[in-house]
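Step one of this worksheet: look at the structure below.
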Amino acid sequence: MAGKRILDWNVAIYGYAGLVALLLIVPTLIVIPMSFSAGGLLTFPPTRFSIRWYGTLFDDPSWTAGLVTSLKVGVATAGLATSLGTVTALGLVRGRYPGRAAISGLVMSPLVTPVVVVAIGMFFVYSDWKLIGTFHGLVLAHTALALPLVVIVVGASLQNLDPALEVAARSLGAGPVRTFLRITLPLTRPSIVTGALFAFITSWDEVVVSIFLSSPVVRTLPVVMWGQVRSVIEPTIAAMATVLTGVTFGLLMLVLLPRKRAQRIS
């Protein structure tokens with residue numbers, strides 16, 4: 001009887017989770033067939049199919065410029081956020097000093113602060129710093145948003161790493177830098193790579209802060225999409241949304257599949 005109740009409860013939980021996932025995923029998947037519509041307007045379901053909007057997509061300089069800008073900003077954000085996030089996680093996990101909890105809360109604050117509030121604050125600060133509409137301004141803003149994710153991922157790996165390994169290296173004459181490079185870094189490399197991918201995805205998909213900080217010359221792909229949606233409703237937007245979703249999904253698979261394989265092996 002108890003086993004049947006547990007089974008029924010598990011079925012209910014999985015059923016509810018599946019329903020929520022369906023409601024979240026279906027609207028995204030609808031965009032994919034819309035991108036192959038042969039018509040000139042966004043319609044679902046498409047009456048005829050064509051790939052001409054993908055050709056239009058890559059022939060339009062505004063789309064290709066936004067794509068290149070997003071790639072450059074994403075790569076720069078991933079590198080900067082991963083470097084700073086790894087050092088920050090090391091300091092928060094291994095450090096013993098007053099105010100560590102307050103510093104941790106400050107680092108994590110972008111995760112709990114509404115994005116529009118962060119965007120408005122950055123807009124006024126970056127205006128004084130002459131960073132509005134610059135590549136460096138976007139990289140710094142996206143780094144601030146991605147940094148907490150890197151700290152969480154790398155920090156979790158450091159907490160599971162036995163400190164005795166680092167102590168042993170120090171006792172054998174290795175300095176702090178050599179201990180980090182020879183012991184800590186190799187053992188936490190998978191988490192660091194995961195954090196870098198999450199940082200890139202955060203930058204790749206970010207739109208609110210980018211709208212506040214972009215200019216007609218420097219615009220990321222989501223900002224270009226937002227501008228197009230406000231003026232033109234054609235399947236080119238669906239085609240770029242499909243590309244955007246495909247890149248994000250592919251990067252997430254790079255994160256999740258190796259972890260799943262490692263769990264099965266262990």
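Some points to look at:
- Qualifying residue in the range 252-264 (condition: at negative phi, small (Gly, Ala, Ser) and modelled with pLDDT of 80 or more): no
- Residue check, ILE233 under 27 Å from PHE49 (Cβ atoms) and outside any helix (DSSP H, G or I): yes
- Flag if LEU23 is without any contact (Cβ under 8 Å) to a residue 12 or more places away in the chain, open to solvent by 30 Å² or more (accessible area, probe 1.4 Å), under 22 Å from the mean Cα position of the chain (by Cα) and closer than 25 Å to TRP204 by Cβ: yes
- Scope the range 91-120; condition assigned to a helix (DSSP H, G or I) and over 21 Å from the mean Cα position of the chain (by Cα); matching residues: GLY91, LEU92, VAL93, ARG94, ARG100, ALA101, ALA102, ILE103
- For the range 33-45, a residue qualifies if it is outside any helix (DSSP H, G or I) and either modelled with pLDDT of 75 or more or more than 31 Å from the chain's Cα centre (by Cα) (or both), and the qualifying residues are PHE36, SER37, ALA38, GLY39, GLY40.
- Residue in the range 85-98 that is among the β-branched types (Val, Ile, Thr), surrounded by 12 or more Cβ atoms within 10 Å (Cβ to Cβ) and modelled with pLDDT under 90 present: yes
- Taking residues in the range 82-96 that are over 17 Å from LEU197 (Cα atoms), and partners anywhere that are at pLDDT 90 or above and open to solvent by 30 Å² or more (accessible area, probe 1.4 Å), the pairs with Cβ atoms closer than 9 Å and at least 6 places apart or on different chains are THR88/LEU147.
- Residues of the range 185-239 satisfying the condition of being at pLDDT 90 or above, open to solvent by 60 Å² or more (accessible area, probe 1.4 Å) and among the aliphatic types (A, V, I, L, M): ILE211
- Pair list, Cβ under 7 Å, 6 or more apart: the range 35-52 residue buried (at least 17 other Cβ atoms within 10 Å of the Cβ), other residue of a type in the set (D, E, K, R): LEU42/GLU234
- Breaking point among (1) of a type outside the set (S, T, N, Q); (2) in a loop (DSSP other than H, G, I, E, B); (3) in contact with a His (Cβ under 9 Å, 6 or more places away or on another chain), for ALA81: (2)
- Note on the range 123-177: residues that are outside any helix (DSSP H, G or I), open to solvent by less than 30 Å² (accessible area, probe 1.4 Å) and among the charged types (D, E, K, R) amount to 0.
- Evaluating THR64 against the criteria (1) among the hydroxyl-bearing types (Ser, Thr, Tyr); (2) farther than 22 Å from SER214 by Cβ; (3) open to solvent by 40 Å² or more (accessible area, probe 1.4 Å) leaves one unmet condition, (2).
The values are calculated or read from the model by the stated rules, or taken from the named source; none is laboratory data. This structure is a prediction, so every number in the text was calculated from the model and none was measured. Reconstructed Cβ throughout: ideal geometry from the backbone, glycine too, with neighbour counts over all protein chains shown. Just so you know, the surface numbers come from the protein's heavy atoms only, side chains and all, with ligands and any DNA or RNA stripped out. Shrake-Rupley method; radii C 1.70, N 1.55, O 1.52, S 1.80 Å.
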